[in-house]
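Asks: First the structure, then my questions, so here it is.
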Amino acid sequence: MPTPAIDNSGKSKLRRLSFILKICVFATGCAAMVTEYTLATLASYLIGDSILQWTIVISLMLFSMGLGSRYSRKWEARLLDRFVLTEFGLSFLCTFSAMFCFWISA
């Protein structure tokens, strides 16, 4: 009795997309950690009391991630477009946040 042919093209495509998603999540996490460290270090240089500044920055980042997770539950369509736009917006905001903090303190 012949065995039916197994379609591996669907599995390989799913595996490739899963890998791309994991890379995106890893890159997003690394960018968030770099932003946390940059803002916390900058705040401790400008204001002092490094323990308090690190605590405030990390708490605000975690709170923002919680708000983002709560808000993103409502998204059902065009997820890739929304992900890319959100990441571009966050990268723009985080890129200029350190310069903005220096400008405010000067």
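Asks: Please determine, by comparing only the residues of the range 14-42 that are out of contact with any Cys (no Cβ under 6 Å at 6 or more places or on another chain) and of a type in the set (Ser, Thr, Tyr), which one is farthest from Gln53 (Cα to Cα).
Replies: Restricting to residues being out of contact with any Cys (no Cβ under 6 Å at 6 or more places or on another chain) and of a type in the set (Ser, Thr, Tyr), the top hit is Ser18.
Asks: Consider Arg16 against the criteria (1) at pLDDT below 85; (2) loosely packed, with under 11 Cβ neighbours inside 10 Å; (3) of a type outside the set (A, V, I, L, M): it satisfies all of them except one. Which criterion is unmet?
Replies: Unmet condition: (1).
Asks: Please identify the pairs in which a residue from the range 60-81 that is in a helix (DSSP H, G or I) has its Cβ atom under 6 Å from the Cβ atom of a residue that is not aromatic (Phe, Trp, Tyr), counting only partners at least 6 apart or on another chain.
Replies: As it stands, the answer is Met61/Glu36, since those pairs meet every condition given.
The values are calculated or read from the model by the stated rules, or taken from the named source; none is laboratory data. Note that the structure is predicted; figures quoted are calculated from it, not measured. With ideal geometry, Cβ positions are generated from the backbone for all residues, glycine too; neighbour counts draw on all protein chains shown.
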